[in-house]
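Okay, structure first, notes after.
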Amino acid sequence: MISENNQQNSLSDVTYPLYENGYSYTEVNGNIRDRLPVFDDILSLKWQRSLADRNGDTRKLLPLWIADMDFETVPTVKEALQKRISTGIYGYSYIPESYKEAVADWFKNRFHHSLLSREIIPFTGVIPAINAAIYAFTRPRANVLLQTPVYHPFFKAIASTGRTLLKSPLVRKNNRYEIDFVGFEKVIREQRPELFVLCNPQNPTGRVFSREELQRLTDICLRYRVFIVADEIHSDIVFKPTEFTSTLNLNNEELSRHLIVCTSTSKTFNLAGLASANIFIKDTLVRKRFLETVEKLGQQGHGPGFIQTIAAETAYRTGKYWLRETLSYIQENFAYAYKRLDEELPHVWHSEKPEGTYFLWLDFSRYGFSNRELENLLLVRCRIQANQGYIFGEEGSGFVRINIACPRSILKEALDRLVEELKNYRV
């Protein structure tokens with residue numbers, strides 16, 4: 001594989017400026033704290049929606065909802081895209097082998113994966129891949145299992161493919177969420193789902209499941225021949241001392257015959273608007289079946305285009321120092337938020353410590369609000385746009401998911417508003 005320190009021409013001879021050995025993102029491009037953008041002119045979904053005034057309130061709506069960051073991406077990604085765009089030629093393109101080499105190098109260096117080129121399938125997104133997998137590995141009207149609360153588009157993927165939702169809720173124990181293994185196996189034994197969508201790191205709770213938990217979980221699935229689709233899109237957003245274990249790290253040959261893994265640069269490098277993903281499938285027959293289904297669905301040949309592949313390859317080759325700085329900043333945001341919540345909003349529950357993702361998953365249920373009242377409190381009274389917990393399943397009722405991958409000043413303002421408003425309510 002090509003190392004991060006080697007420079008090469010790839011993707012139609014576009015040369016990427018790479019970091020020299022020993023340099024950090026800070027030394028080359030300035031600290032990320034100095035590169036936080038001004039938002040009013042940014043054409044992104046969360047900030048464009050935030051500019052609309054509501055109910056005559058002059059305070060800007062703070063958009064802490066959708067799962068992307070407020071940080072500029074890796075500077076070399078911006079430079080590589082500008083150079084390619086300047087050619088003015090936007091015709092058909094192909095995905096070069098150097099792209100897959102960059103993907104394989106990243107996952108080998110971070111997670112000790114050994115991926116062959118043929119085992120990496122560039123795709124347009126994780127959710128389209130999950131939809132294709134449901135078609136490929138389940139029969140019509142089959143049961144599909146989720147651990148709730150969970151990322152809400154999974155519900156739509158099951159419904160839109162004509163399958164039936166089964167749930168095995170996570171349980172809150174010892175101030176964090178844990179897997180109910182007895183309940184998980186009971187649902188599988190009695191309801192016989194054909195496919196399980198695993199979300200790890202878990203969205204919205206922020207849990208990062210340990211190797212032991214994953215081993216036990218996958219052993220149960222294999223015992224009952226349940227196919228596993230692992231959404232590992234947040235695998236890079238994990239905070240020390242927690243370590244991420246991929247299902248690929250379990251090194252089980254039988255598991256590889258019942259598994260696909262979904263990843264993307266979208267969360268890691270704030271590239272969600274470019275719509276791309278990488279699907280890892282080790283087993284030849286599983287890969288063949290998946291690709292045949294993709295072709296039947298009309299998605300063959302419609303993978304990521306040259307913009308997406310240039311951005312992803314550049315990010316994987318040059319982005320590790322940027323990511324290190326970004327994770328440090330987000331972890332400091334967690335510490336700031338937890339301190340203020342503990343001191344000023346002790347009746348709002350949060351997990352014991354951040355493990356993964358950049359979400360606060362907050363329980364307001366002690367206040368006795370209905371879902372409508374809680375939404376009104378956040379959106380209208382506090383002018384904070386967050387994701388209401390009920391969209392992640394009924395287990396999220398009374399919760400709010402808040403995205404803290406944002407400047408500290410915005411997080412501070414959001415917490416100031418929450419504290420000011422909630423002081424008017426008794427518990």
Study note, to complete from the structure: Here P(r) for region 119-189, Cα-Cα distances in 10 Å bins, as whole percents, is 18, 41, 31, 10
Exercise for review: Sort 176, 139, 192, 287 from largest to smallest accessible area, using a 1.4 Å probe on the heavy atoms of the protein chains.
Suggested key: 139, 192, 176, 287
Exercise for review: Write down, largest first, the equivalent ellipsoid semi-axes of region 263-315 in whole Å, where each equals the square root of 5 times an eigenvalue of the alpha-carbon gyration tensor.
Suggested key: 23, 13, 9
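Take the Cα pairs of region 242-391, get the Kirkwood Rh, then feed it into Stokes-Einstein at 10 °C and 1.306 mPa s and tell me D in µm²/s.
Working: Rh = 19.4 Å.
Stokes-Einstein gives a translational diffusion coefficient of 82 µm²/s.
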**Study point:** Those lysines that a straight Cα-Cα span of less than 21 Å connects to residue 46, excepting residues fewer than 8 apart in one chain
**Key:** 60, 78, 267, 412
**Study point:** Longest site-free stretch - the chain; sites: GluC sites (Glu not before Pro), DSSP loop, at most 13 other Cβ within 10 Å
**Key:** 21-242
Check your understanding: So how exposed is residue 336, as accessible area in Å² (1.4 Å probe, rounded to 10)?
Key -> 60
Study note, to complete from the structure: Around residue 243 (Cβ within 11 Å, Cβ-to-Cβ, excluding residue 243; K/R +1, D/E -1) the net charge comes to +2
Check your understanding: How much net charge surrounds residue 142 when only other residues with a Cβ under 13 Å from its Cβ are counted (Lys, Arg +1; Asp, Glu -1)?
Key -> +4
Exercise for review: Restricting things to alpha carbons, find the Rg to Rh ratio for region 100-224 using the Kirkwood radius for Rh.
Suggested key: 0.98
Study note, to complete from the structure: Expressed in square angstrom to the nearest 10, the accessible area of residue 416 with a 1.4 Å probe stands at 50
Point to revise | 17 Å Cα-Cα reach of residue 186 towards aspartates and glutamates, excluding residues that sit fewer than 8 places from it in its own chain | key: 178, 194, 213, 219
Check your understanding: Averaged per residue, what accessible area in Å² does the chain show with a 1.4 Å probe, protein chains only?
Key -> 44
Review point. Looking at 374, 362, 277, which one has the Cα that reaches farthest to the positive end of the dipole of region 255-385 (charges on Cβ: Lys, Arg +1; Asp, Glu -1)?
Key: 277
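For region 387-427, divide the Cα radius of gyration by the Kirkwood radius and give the resulting Rg/Rh value with two decimals. Write out the running numbers ahead of the final one.
Details: Rg = 12.5 Å, Rh = 11.8 Å.
Ratio value, two decimals: 1.06.
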Practice item. Please give the solvent-accessible surface of residue 380 in Å², to the nearest 10, using a probe radius of 1.4 Å with every protein chain present. Key: 60
Review point. Rule-of-thumb check for region 153-236: C-alpha Rg over 2.2 N^0.38 Å?
Key: 1.08
Check your understanding: With contacts defined as alpha carbon pairs under 8 Å and 6 or more residues apart, what's the relative contact order of the chain in percent?
Key -> 22
Check your understanding: Translational D (Stokes-Einstein, µm²/s) of region 329-427 at 20 °C and 1.002 mPa s when Rh comes from the Kirkwood sum over C-alpha pairs?
Key -> 158
Check your understanding: When the helices in the chain are scored as -39500 (n - 2.57) per DSSP H run of 4 or longer and the sum is shared across all residues, what 222 nm value do you end up with, to the nearest 500 deg cm²/dmol?
Key -> -11000 deg cm²/dmol
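Arrange the residues 76, 124 by how much accessible surface each exposes, largest first, with a 1.4 angstrom probe.
Descending accessible area places them as 124, 76.
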Exercise for review: Let me know the Kirkwood hydrodynamic radius for the chain, please, with Cα pairs as the basis and the value in Å to one decimal.
Suggested key: 22.7
Check your understanding: Based on Cβ point charges of +1 for Lys and Arg and -1 for Asp and Glu, what charge dipole magnitude is obtained for the chain about its Cα centre, in debye rounded to the nearest 20?
Key -> 1000
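The values are calculated or read from the model by the stated rules, or taken from the named source; none is laboratory data. The structure displayed is predicted, hence computed values, not measured ones. Ideal geometry is used to build each Cβ from the backbone, glycine not excepted, and the neighbour counts take in all protein chains shown. Note: accessible area is taken over every heavy atom of the protein model, side chains too, but ligands, DNA and RNA are not part of it. Shrake-Rupley method; radii C 1.70, N 1.55, O 1.52, S 1.80 Å.
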